[in-house]
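Below is one structure; the comments refer to it alone.
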Amino acid sequence: MPEDSAPAAQETDQVPDQPAAGAAPPGLLALFLAFARMSLAGFGGVLVFARRAIVEQHRWMNADEFNETFALCHFLPGPNIVNLSMVFGSRLRGIAGGVAAFAGLLLPPTLIMMVLAIIYARYGDLDVLRSSLAGISCAAVGLLIAVVFRMMTPLLKRTDPLALILMAGVFLAIGVLRLPLPAVLLVAIPISVGATFFLRRKVAA
């Protein structure tokens, strides 16, 4: 019996994008602490650490579920990661879960930023501090690029041509042609929803 269980445990460890089967949803305190750790570790952006904690560490979502939830949050007004905390917490523990995740995400960095703002107001003109902030910004860009590639992995594994075409089209419109984001979303959202609905009906038929 131990010989059979050991390989199963190893196999589970090797597939971090699959949620634990039958795992109980986290409590309010666990949600608060998880998002507090994300916010405290999220130098240059919390998205990298949020995906790592939710998908790989706690396995509360798989990679596809995280991408779908983040896509919804991305199309809502306001900061994406704040929207994600509310949607994710509410999905697991209702409104109280959304509030717990939201508080964990914002409370620790808010307190820290109040202290740093006081320090920066007094010492912000120092060249050493300016150089340090420039270096941090480079690291933030690297983290963002890394998480973008991680989020692309499920799409590339499925080799879904529609998803890849839409992704390339939005990137071209915003990143290259510099078209206004609201205008691109007004076109991209109906096309993606309509095409996905049509293809799923076609497959079901």
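The values are calculated or read from the model by the stated rules, or taken from the named source; none is laboratory data. In this text, all values refer to a predicted model and were calculated from it rather than measured experimentally. Note that we place each Cβ from the backbone using ideal geometry, even for glycine, and neighbour counts take in every protein chain shown. For the accessible areas, the whole protein counts, side chains as well, though only heavy atoms, and no ligand, DNA or RNA atoms are used. Shrake-Rupley method; radii C 1.70, N 1.55, O 1.52, S 1.80 Å.
Within the stretch 66-74, at least one residue is without any contact (Cβ under 8 Å) to a residue 12 or more places away in the chain and acidic (Asp, Glu). Of the helices (runs of 4 or more DSSP H) lying entirely inside the stretch 1-72, those carrying at least 1 residues that are at pLDDT 90 or above and open to solvent by 90 Å² or more (accessible area, probe 1.4 Å) are 28-41. Residues of the stretch 169-186 that are open to solvent by 90 Å² or more (accessible area, probe 1.4 Å) and among the β-branched types (Val, Ile, Thr): none at all.
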